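The values are calculated or read from the model by the stated rules, or taken from the named source; none is laboratory data. Since this is a predicted model, take the numbers as computed values, not measurements. FYI the Cβ positions are ideal-geometry reconstructions off the backbone, even for glycines, and counts take in every protein chain you see.
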Amino acid sequence: MGPATSFDAFPRRILVGAEQPVVFEQRPGWYALHGEPLPTADGVLRFEPEAIAVLPGAPIAPLAKGQSLSPVYAQPGSDALAVPTGQLFIRFLPGESALAHRAALEQAGCRIAARPDHAPEAAWLRARCGGLAEALGCVARLRELEGVANVEPQLLMARGQR
């Protein structure tokens, strides 16, 4: 992708939380680079285990094999930047099993990537085909599934000072 990278395939807004959702909107002037090698000098935020760097401006260098780009999000009026990882967390109603809904999850475009041992009603999901934009595009479909209590994308943010 060249300097005129467009993030039209990504949602402009992301809702996080079930009761009183928090809105995150694409933040122009920033982008996230996913995959190694991560830049060392220009990175404003680096998430090492996930191999994600958040950078200012527009991407100009060609991507290395296995790298991808995504928009960066922030709450309106906030300078705290958030970057999606491509994983979604889904929680079904109490007494439900995430595994019992595997076929519906697949039909909605996702696959179970991991399940927390302590919460059989929950699972981490990834897009069945495609990448991060496809995963974010699944959120609305997943929220419509029977028995779903909550779905939200995993967003990484810089750790705040207390």
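Out of all the residues in region 110-157, which are assigned to a loop (DSSP other than H, G, I, E, B), in contact with a strand residue (DSSP E or B) (Cβ under 8 Å, 6 or more places away or on another chain) and either farther than 16 Å from P71 by Cα or not assigned by TED's automatic domain parsing to the domain that holds A98 (or both)? If you could, list the steps in order and put the result at the bottom.
Here is the first cut: in region 110-157, the ones assigned to a loop (DSSP other than H, G, I, E, B) are 115-121, 128-131, 144-147.
With in contact with a strand residue (DSSP E or B) (Cβ under 8 Å, 6 or more places away or on another chain) added as a condition, the list becomes 115-116, 119, 121, 128, 131, 147.
Across region 110-157, the qualifying residues are R115, P116, A119, E121, R128, G147.
Of the residues L55, L155, L132, which is within 18 Å of R27 (Cβ to Cβ) and in contact with an Asp or Glu (Cβ under 6 Å, 6 or more places away or on another chain)? Of L55, L155, L132, the one residue that is within 18 Å of R27 (Cβ to Cβ) and in contact with an Asp or Glu (Cβ under 6 Å, 6 or more places away or on another chain) is L55.
If only one of A18, A58, A51 is among the small types (G, A, S) and modelled with pLDDT of 90 or more, which one is it?
Among A18, A58, A51, only A51 is among the small types (G, A, S) and modelled with pLDDT of 90 or more.
Of the residues screened, E96 is one that is under 20 Å from A149 (Cα atoms), surrounded by fewer than 18 Cβ atoms within 10 Å (Cβ to Cβ) and touching a residue at least 40 places away in the same chain (Cβ under 8 Å).
With L132, L63, L125, L136 as the choices, which residue is touching a Ser or Thr at 6+ places or on another chain (Cβ under 6 Å) and in contact (Cβ under 8 Å) with a residue 24 or more places away in the chain? Steps first, please.
Working: L63 fails: touching a Ser or Thr at 6+ places or on another chain (Cβ under 6 Å); L125 fails: touching a Ser or Thr at 6+ places or on another chain (Cβ under 6 Å); L136 fails: touching a Ser or Thr at 6+ places or on another chain (Cβ under 6 Å).
L132 is the lone residue from the list that is touching a Ser or Thr at 6+ places or on another chain (Cβ under 6 Å) and in contact (Cβ under 8 Å) with a residue 24 or more places away in the chain.
For region 124-162, filtered to residues that are aliphatic (A, V, I, L, M), closer than 16 Å to E106 by Cα and surrounded by fewer than 18 Cβ atoms within 10 Å (Cβ to Cβ), the residue that is nearest to the chain's Cα centre (by Cα) is A140.
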